[in-house]
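What follows is a short report on a single structure.
Readers should treat all values here as calculations from the given coordinates under stated rules, not as data from a laboratory. What you see is a predicted model; the values in this text were computed from it and never measured. Backbone-built Cβ (ideal geometry, glycine too); neighbour counts: all protein chains shown.
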Amino acid sequence: MTYTVIFRGEDDSMGTFTFVSRRHDKNFAWTEFIEKYAKQGQSPLAIMPGNHIVYFPQDISFTQVA
């Protein structure tokens, strides 16, 4: 099962990471991210099944709209 994790880094920035979990279980995938994929200082905020893109208001820039 593919999961996308939204995480917060050491510098308080947010990021995403998509991976294929070894089991179809959200609890297992959450722990798997922490133990296998998270870098120093990264902590998960949310986990979503599948390949979803999530935009937050701070990601939108009206100055770059053509």
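Per-residue Karplus couplings for the stretch 53-59, computed as 6.51 cos²θ - 1.76 cosθ + 1.60 with θ equal to phi - 60°, are listed in order as 10, 10, 10, 9, x, 5, 7 Hz, Gly and Pro entered as x. Remark: the stretch 21-30, residue by residue, has Karplus-estimated 3J(HN,Hα) of 7, 6, 9, 8, 8, 4, 5, 5, 4, 4 Hz, where x stands for each Gly or Pro and the curve is 6.51 cos²θ - 1.76 cosθ + 1.60 at θ = phi - 60°. So, R0 is 30 Å and r is the distance between the beta-carbons of N27 and D59; what FRET efficiency does that work out to, to 0.05? Working from the Cβ atoms, E equals 0.60. The helix-based estimate of mean residue ellipticity at 222 nm for the chain, built from -39,500 (n - 2.57) per DSSP H run of four or more residues and divided by its residue count, is -2500 deg cm²/dmol to the nearest 500.
The dipole here belongs to the chain: it is taken about the Cα centre, uses +1 on the Cβ of Lys and Arg and -1 on the Cβ of Asp and Glu, and is about 280 debye.
Applying the criteria of a DSSP loop state and at most 11 other Cβ atoms within 10 Å to the chymotrypsin sites (Phe, Trp or Tyr not before Pro) of the stretch 5-57 yields Y55. Our compactness index for the chain, the C-alpha radius of gyration over the empirical 2.2 N^0.38 Å, is 1.26.
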